[in-house]
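Colleague: There's a structure below that I have some questions on.
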Amino acid sequence: MKQSDVCSFRKYCSFSVILVLLLCFAPVANAYVSLDPTFGDGGKVVTDITGYFDDVNSIAVDDQNRIVAAGSTRNGTNYDFALFRYTASGDLDSTFGTNGIVSIDLSGDFDEATSVAIDADGNIVAAGYAKNNDGYQDFALVRYLETGEPDLSFGTDGIVTTNILSSDYGESCVIDSNDKIIVAGQSSDGIYGYFAVARYEESGDLDTTFGNDGIVTTDFGQKQDHAYSCAVDSQGRIVVAGIAANSSNRADFGVARYLASGDLDNTFGGDGLVTTDIELGDDQAWACTVDSRDRVIVVGKVFNGGTTFEYNDFGVVRYLENGNLDTTFGDGGIVITDFSGSYDHALSVVVDNEGRIVVAGYSENAQGNNDFAMARYLDNGDLDETFGNGGKVTTDLSNSVDYGHSCAIDSTGRIILAGSSGSPIDERDVFMARYIETDELPSDGGGCNIASVSGIAGMLLLPVLFIVARSKK
């Protein structure tokens, strides 16, 4: 080995060792995701109301970072609309309803709140469905004052129900810039299922300037279509996403966009409708949002190619404003994320202040139970390696079955994921977790980015190994 090579070797070794040590021991910004110790019990909150089946389907965060959750509670053999409000610390808010809880029996039968939104005046709107006198479901809306009392200026004693066809399931609500309430879901005539959208005035009356006296139904062409989520873009157009049946009697992602008039927007997909067949089995879209560039992001579950059509992964699809798949995102506009190899369901999506996409739901663990699950993606669709373990976080809340249903981000950037935990059949409690990003290794095992450090270290050491190899020749 020449003297010049020895000098180069020593210099490079010294530089490499120092840099590797700096990388290993210097704090990595946003390298860890941890349960927030200032929230509830170590980042977790559990609420058992009835001792039976209590569930949360949707959450919203108000301007005081209080968390409003909507779902259902069991009332004997029936279920009621239920709202829960928590303080920023995770305690039930005693200034809301009865010790933080409001439940309303709309029909004496099966009532469920599936979505919640907060208007500009701080009123809370919960949407869902309730049984009617014929034994079928109707769209149902309840508006509450900030105190949790029904808003008597809305509908009848704060309540509005809408019969569209024989069975009507309200699944999602949003409030537009004119304070009009939009509810999307499914209407069925007993044979066919359709996307259904209704728009209401502030008074609770149907908005007769929208569609057919306030209502629009849309058929994608096959028998069973079901909308599960809606959003409003910067131009006031209404985006609705859900399941569109295909000719093979399986499900595809289905997206419709409507003008403020209720007409389908022909600049989106040519006729206002877009379907995306991702994998061989069922592709079911459960949630949607619109980013700052009016690109539509839709998430759900997709078949993962396993031995059974029941095995699923997180599926994320982004569409351009014209309805085309956004080829700058993932693989031709599509990203598929496998957590466990079996059952991974994405049920909620939100875009943070930096344009990163947070997708949440649940994933089956090695013990056969479900855990809360989240993934965060960069603008190009790559998993955000600075988030949790390679872009993914899972949380086992109770060593039982944990269903993450809805996520939100508060004004400080903390992520809240809510749902239920317990028996998959007859006993569940409301569960909620809040997450923070930190440069300290979390005690709950939230995940770290050691792989990226070791990868850099390995790259730096390769030239050293090369020089050593040369010296042996």
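Colleague: Here is a check on your reading of the model: is Asp54 of a type in the set (D, E, K, R), at pLDDT 90 or above and surrounded by 15 or more Cβ atoms within 10 Å (Cβ to Cβ)? Spell out how you get there, then give the answer.
Modeller: Numbers: of a type in the set (D, E, K, R): yes; at pLDDT 90 or above: no; surrounded by 15 or more Cβ atoms within 10 Å (Cβ to Cβ): yes.
It is false that Asp54 is of a type in the set (D, E, K, R), at pLDDT 90 or above and surrounded by 15 or more Cβ atoms within 10 Å (Cβ to Cβ).
Colleague: Would you check which residues across the stretch 57-95 are under 10 Å from Glu112 (Cα atoms) and either in contact (Cβ under 8 Å) with a residue 40 or more places away in the chain or touching a Leu at 6+ places or on another chain (Cβ under 8 Å) (or both) and list them?
Modeller: The answer is Asn57, Ala70, Gly71, Ser72, Asp80, Phe81.
Colleague: Condition check: basic (Lys, Arg), buried (at least 19 other Cβ atoms within 10 Å of the Cβ) and either more than 19 Å from Asp219 (Cα to Cα) or free of Cβ contacts under 8 Å to residues at least 24 places away in the same chain (or both). Does Arg257 satisfy that?
Modeller: Details: basic (Lys, Arg): yes; buried (at least 19 other Cβ atoms within 10 Å of the Cβ): yes; either more than 19 Å from Asp219 (Cα to Cα) or free of Cβ contacts under 8 Å to residues at least 24 places away in the same chain (or both): no.
No; evaluated as a whole, the condition is false for this residue.
Colleague: In the stretch 347-371, what count of residues is obtained for those that are within 14 Å of Ala408 (Cα to Cα) and in a strand (DSSP E or B)?
Modeller: 10
Colleague: Scan the strands (runs of 3 or more DSSP E) fully inside the stretch 30-117 and keep the ones with 3 or more residues being within 23 Å of Ser398 (Cβ to Cβ) and of a type in the set (Gly, Ala, Ser).
Modeller: Values: elements: 32-35, 44-47, 54-61, 67-75, 78-86, 101-104.
Once the strands (runs of 3 or more DSSP E) in the stretch 30-117 are filtered for at least 3 residues that are within 23 Å of Ser398 (Cβ to Cβ) and of a type in the set (Gly, Ala, Ser), what remains is 67-75.
Colleague: Could you give every pair whose Cβ atoms fall below 9 Å, whose first residue belongs to the stretch 172-186 and is closer than 17 Å to Ala60 by Cα, and whose second residue is of a type in the set (Asp, Glu) and surrounded by 23 or more Cβ atoms within 10 Å (Cβ to Cβ), counting only separations of at least 6 or pairs across chains?
Modeller: Val183/Glu171
Colleague: Here is a check on your reading of the model: is Gly315 in contact (Cβ under 8 Å) with a residue 60 or more places away in the chain, out of contact with any helix residue (DSSP H, G or I) (no Cβ under 8 Å at 6 or more places or on another chain), farther than 20 Å from Ala196 by Cα and in a strand (DSSP E or B)?
Modeller: Details: in contact (Cβ under 8 Å) with a residue 60 or more places away in the chain: yes; out of contact with any helix residue (DSSP H, G or I) (no Cβ under 8 Å at 6 or more places or on another chain): yes; farther than 20 Å from Ala196 by Cα: yes; in a strand (DSSP E or B): yes.
Yes: the conditions hold for Gly315.
Colleague: Of the residues Ser153, Ser187, only one is among the hydroxyl-bearing types (Ser, Thr, Tyr) and crowded, with 19+ Cβ neighbours inside 10 Å; which? It would help to see each step written out before you state the result.
Modeller: Details: Ser153 fails: crowded, with 19+ Cβ neighbours inside 10 Å.
So the residue among Ser153, Ser187 that is among the hydroxyl-bearing types (Ser, Thr, Tyr) and crowded, with 19+ Cβ neighbours inside 10 Å is Ser187.
Colleague: What are the residues in the stretch 384-404 that are more than 16 Å from the chain's Cα centre (by Cα) and without any contact (Cβ under 8 Å) to a residue 60 or more places away in the chain, if any?
Modeller: The initial filter retains those residues of the stretch 384-404 that are more than 16 Å from the chain's Cα centre (by Cα), namely 384-390, 396-401.
Listed by number, the residues that qualify are Asp384, Asn389, Asp396, Asn399, Ser400, Val401.
Colleague: Going by what's in this entry, would Gly300 be described as in a strand (DSSP E or B), touching a strand residue (DSSP E or B) at 6+ places or on another chain (Cβ under 7 Å) and within 23 Å of Ala227 (Cβ to Cβ)?
Modeller: Numbers: in a strand (DSSP E or B): yes; touching a strand residue (DSSP E or B) at 6+ places or on another chain (Cβ under 7 Å): yes; within 23 Å of Ala227 (Cβ to Cβ): yes.
Considered against the rule, which asks whether it is in a strand (DSSP E or B), touching a strand residue (DSSP E or B) at 6+ places or on another chain (Cβ under 7 Å) and within 23 Å of Ala227 (Cβ to Cβ), Gly300 comes out as yes.
Colleague: Also, quick follow-up: Just one of the numbered conditions (1) hydrophobic (A, V, I, L, M, F, W, C); (2) modelled with pLDDT of 95 or more; (3) surrounded by fewer than 24 Cβ atoms within 10 Å (Cβ to Cβ) is not true of Phe309; which one?
Modeller: (2)
Colleague: Do we have any residue at all in the stretch 132-141 that's touching a Lys or Arg at 6+ places or on another chain (Cβ under 9 Å) and not small (Gly, Ala, Ser)?
Modeller: Here is the first cut: in the stretch 132-141, the ones touching a Lys or Arg at 6+ places or on another chain (Cβ under 9 Å) are 137-138.
This time we only want the ones that are not small (Gly, Ala, Ser), so: 137-138.
Yes; the residues of the stretch 132-141 include at least one that is touching a Lys or Arg at 6+ places or on another chain (Cβ under 9 Å) and not small (Gly, Ala, Ser).
Colleague: Within the group Gly122, Gly158, which residue is in contact (Cβ under 8 Å) with a residue 40 or more places away in the chain and out of contact with any helix residue (DSSP H, G or I) (no Cβ under 7 Å at 6 or more places or on another chain)?
Modeller: Working: Gly158 fails: in contact (Cβ under 8 Å) with a residue 40 or more places away in the chain.
Being in contact (Cβ under 8 Å) with a residue 40 or more places away in the chain and out of contact with any helix residue (DSSP H, G or I) (no Cβ under 7 Å at 6 or more places or on another chain) holds for just one of Gly122, Gly158, which is Gly122.
Colleague: Based on what the data block shows, is Asp41 among the acidic types (Asp, Glu), surrounded by 12 or more Cβ atoms within 10 Å (Cβ to Cβ), at pLDDT 95 or above and farther than 30 Å from Leu106 by Cβ? First the steps, then the outcome.
Modeller: Numbers: among the acidic types (Asp, Glu): yes; surrounded by 12 or more Cβ atoms within 10 Å (Cβ to Cβ): no; at pLDDT 95 or above: yes; farther than 30 Å from Leu106 by Cβ: yes.
Against the criterion (among the acidic types (Asp, Glu), surrounded by 12 or more Cβ atoms within 10 Å (Cβ to Cβ), at pLDDT 95 or above and farther than 30 Å from Leu106 by Cβ), Asp41 does not qualify.
Colleague: Take the residues in the stretch 76-112 that are within 25 Å of the chain's Cα centre (by Cα) and farther than 30 Å from Pro37 by Cβ, then tell me which one is surrounded by the fewest Cβ atoms within 10 Å (Cβ to Cβ). Lay out the reasoning, then the answer.
Modeller: First, the residues of the stretch 76-112 that are within 25 Å of the chain's Cα centre (by Cα): 79-93, 100-103, 110-112.
Narrowing further to those that are farther than 30 Å from Pro37 by Cβ: 79-81, 103, 110-112.
Values: Tyr79: 27, Asp80: 24, Phe81: 27, Ser103: 22, Phe110: 16, Asp111: 26, Glu112: 23.
Top of the filtered list is Phe110.
The values are calculated or read from the model by the stated rules, or taken from the named source; none is laboratory data. Quick caveat: nothing in here was measured; it's all calculated off a predicted structure. Reconstructed Cβ throughout: ideal geometry from the backbone, glycine too, with neighbour counts over all protein chains shown.
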